[in-house]
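Worksheet: one structure, shown below.
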Number of protein chains: 2
Amino acid sequence: MQAAQLDAVFAALADPTRRAILAKLARGEATVTELAAPFDISMPAISKHLKVLQRARLISRGRDAQRRPCRLEAAPLAQAASWIDDYRRCWEESLDRLDAYLKTVQQQPRRAREQRPKARPRGRQH
Amino acid sequence: MQAAQLDAVFAALADPTRRAILAKLARGEATVTELAAPFDISMPAISKHLKVLQRARLISRGRDAQRRPCRLEAAPLAQAASWIDDYRRCWEESLDRLDAYLKTVQQQPRRAREQRPKARPRGRQH
DNA sequence: TGGTTCATTAACCATCTGGTTCAAGACAGC
DNA sequence: GCTGTCTTGAACCAGATGGTTAATGAACCA
């Protein structure tokens, strides 16, 4: 996946309105007015959001008379997930550090817990 | 995970410089100058990127004399992956459509997606 | 002490983003 | 045709973003 495509996908996912639109589309095709209904913003605003999603190829659009139904497209989401996935090995280490940290911290008085930056346990890294 | 946190994480991931920084951090802690080295931008620009990553809690920072080493933090990445994961059922449908389409088009046996194991990372949060 | 290194802050700039309103395009039904 | 519905386009605005340069802070070293 090219960088620019990843840029577009993550940028598209960074807005709660757009995530909500995707959530609705996950339950099936929908028209623009249907997608707009839950939100308190104007139709052109929705149209812009759809354009962002479309540029990221997260949705595709059809035609049905005056309507332009939207449908969720899987591939870019899968690719974004796959990008994150590449870090799994590293995060799992980090999650292990987190676990260890929480374990040690939960046995300490609360006051000591509040300024953390220096005290974190440092796992081995590669 | 709250919406605002997801916003911050996806927005942070939407920039190629920041993704490259994360990629480097995946191989271990690094100082700001080390992180800046591959890029052709000024140190304050790197500093700003780090602040974005830190606001998204994707990195944490320590202190070592004048240096402020950065470290990858796993949890928010895992949470972002998990958000995307919630759509898996829908995308797989769509990916299946894609597969079927490719099959009819190129008339080749498709031993597709064996490279998507992806059982959700360790059911830790959610 | 004073110089050097590592990193951040301040001030500024151009561009992008998310919203608005008003106008227009595309189509169905009468 | 005319009218109403669904959707997009154009123009505009405020605030965020990604970059710059110059100045400052913080810590080491000699």
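Here, each number is a calculation from the coordinates, and none is a lab measurement. Owing to the predicted nature of the structure, the values given are computational and were not obtained by experimental measurement. Cβ sites come from the backbone with ideal geometry, for glycine too, and all protein chains shown count toward neighbours.
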**Study point:** Members of segment B:1-18 that are more than 19 Å from A:Gln79 (Cα to Cα) and either away from chain A (no Cβ under 14 Å) or of a type in the set (S, T, N, Q) (or both)
**Key:** B:Gln2, B:Gln5
Revision key, fill the gap. Expected single match for within 24 Å of B:Ala8 (Cβ to Cβ), surrounded by fewer than 14 Cβ atoms within 10 Å (Cβ to Cβ) and hydrophobic (A, V, I, L, M, F, W, C) among A:Ala11, A:Ala3, A:Ala78 is A:Ala3
**Study point:** In segment B:36-67, the residues that are near DNA strand D (Cβ under 10 Å from one of its atoms), closer than 21 Å to B:Gln79 by Cβ, within 14 Å of chain A (Cβ to nearest Cβ) and charged (D, E, K, R)
**Key:** B:Arg55
Review point. For A:Ile21, which of the numbered conditions (1) within 16 Å of DNA strand C (Cβ to nearest atom); (2) facing another protein chain (nearest Cβ under 9 Å); (3) under 13 Å from the mean Cα position of the chain (by Cα) fails to hold?
Key: (2)
Exercise for review: Could you please find all residues in segment A:37-52 being near DNA strand C (Cβ under 10 Å from one of its atoms) and of a type outside the set (Ser, Thr, Tyr)?
Suggested key: A:Phe39, A:Asp40, A:Ile41, A:Met43, A:Pro44, A:Ala45, A:Ile46, A:Lys48, A:His49, A:Lys51, A:Val52
Check your understanding: When you look at A:Ala78, is it more than 8 Å from DNA strand D (Cβ to nearest atom), aliphatic (A, V, I, L, M) and closer than 25 Å to B:Leu58 by Cβ, yes or no?
Key -> yes
Review point. Regarding B:Thr33, is this residue in a helix (DSSP H, G or I), polar (S, T, N, Q), within 14 Å of the chain's Cα centre (by Cα) and within 15 Å of DNA strand D (Cβ to nearest atom)?
Key: no
